[in-house]
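Reading through the structure tokens given below for one structure.
Coordinate-derived values only; no laboratory data. Bear in mind that the values here come from a model prediction, so they are computed numbers and not experimental data. Backbone-built Cβ (ideal geometry, glycine too); neighbour counts: all protein chains shown.
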Amino acid sequence: MAMSIAALKRLSLVMAGGLLLMLLVMGAPHTAKAQVCCSPPPPPPCCTPPAPPPCCTPPPPPPCCTPTPPCCSPGNRTNIIVNNTSVAVAVSGGGAGAGAVAYGGGGGGGGYAPPMASGLIQGLDVQGMQIKKKVSYQATRTKTVRVVIQAFCLDDRDVPHAASQTFPDRDVEEGFEGELYRCIAGTRLQYTWSEYSGQISFSGGKTIVCSKGEALWRQGGAMAGAGPNGGPDRAGQLFCRPQLAARDCNERSLLRRFGAGVKVLSMTFIETYTAWREETSTESSTATMTMSLDGGVGGTVY
């Protein structure tokens with residue numbers, strides 16, 4: 001029994017040693033893995049600086065300024081060459097000196113001409129071209145037309161009533177002069193006229209209202225009497241004028257006898273219209289300059 005216990009102890013020690021060895025062998029790989037996992041990362045590669053930019057090329061210099069043309073001279077003075085005639089125009093300016101450069105014609109030669117009095121022009125008046133334009137204006141003309149007329153009487157409430165015609169005929173004779181329509185006291189006469197072309201129509205007609213106590217009058221004789229505006233009346237004109245004196249019931253009696261009707265007659269009136277005329281205007285200017293001309297071929301000009 002004691003031997004078996006000792007053997008068991010030895011066996012236990014052997015098994016414990018083997019187990020420890022097994023644990024050491026099995027734990028070694030995990031330790032290596034832990035050491036590899038916890039290692040610091042490798043350092044980054046060295047930074048390469050960027051390539052330097054190319055050298056900046058300066059912009060080309062500006063072109064050389066064009067010198068003053070030989071035809072121009074200092075002192076605010078200009079010379080003009082026209083074909084074979086030499087013309088020198090001296091424009092006055094502050095500090096301008098006397099004299100001018102002249103170029104001779106013909107042979108093509110040139111030279112300097114001293115001041116001289118040769119065909120001197122002072123205060124040159126330059127006359128421009130004529131301009132035509134149309135201008136409107138108000139004009140009047142006398143016009144005679146064949147018209148048809150109807151009349152009404154308006155009371156204070158502007159209610160129309162039939163006007164009394166002074167004779168029953170519809171057509172009025174050319175030489176008739178007198179009243180055509182009348183109204184009872186306290187009313188105003190209103191008449192409308194329209195051009196007559198065989199059919200009675202007041203579409204587009206013109207309406208005139210008279211004052212209280214006035215009748216519609218037609219002038220008969222040419223240039224006979226004075227009109228409502230103090231001027232002469234021409235034959236055939238119609239206008240409002242005070243009624244002729246009559247008894248109180250005259251208008252009612254006329255209306256019962258002749259009724260309400262229209263009148264056809266020739267009427268003359270003064271028409272105002274817009275006319276056009278053509279006007280011509282000329283533009284001119286005065287130049288404060290001095291010019292001397294010499295028209296000879298090859299001559300000199302100052």
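Remarks
- Label reach from F167 (point 7 Å along Cα→C-beta): in segment 247-261, amide nitrogens under 20 Å belong to 247, 250-261.
- Which of Y137, Y181 has the fewest Cβ neighbours within 10 Å, and the rest in rising order: Y137, Y181
- Annotation for segment 142-224: GluC sites (Glu not before Pro) lying in DSSP loop with at most 13 further Cβ atoms inside 10 Å of their Cβ are E173, E174.
- Footprinting exposure proxy for W276, W217 (fewest neighbouring C-beta atoms within 10 Å first): W276, W217
- Length-normalised contact order for segment 137-275 - Cα pairs under 8 Å, 6+ apart - percent: 37 percent
- Scattering curve values for segment 137-275, log₁₀ I(q)/I(0), Debye with Cα scatterers, q = 0.22 Å⁻¹: -1.50
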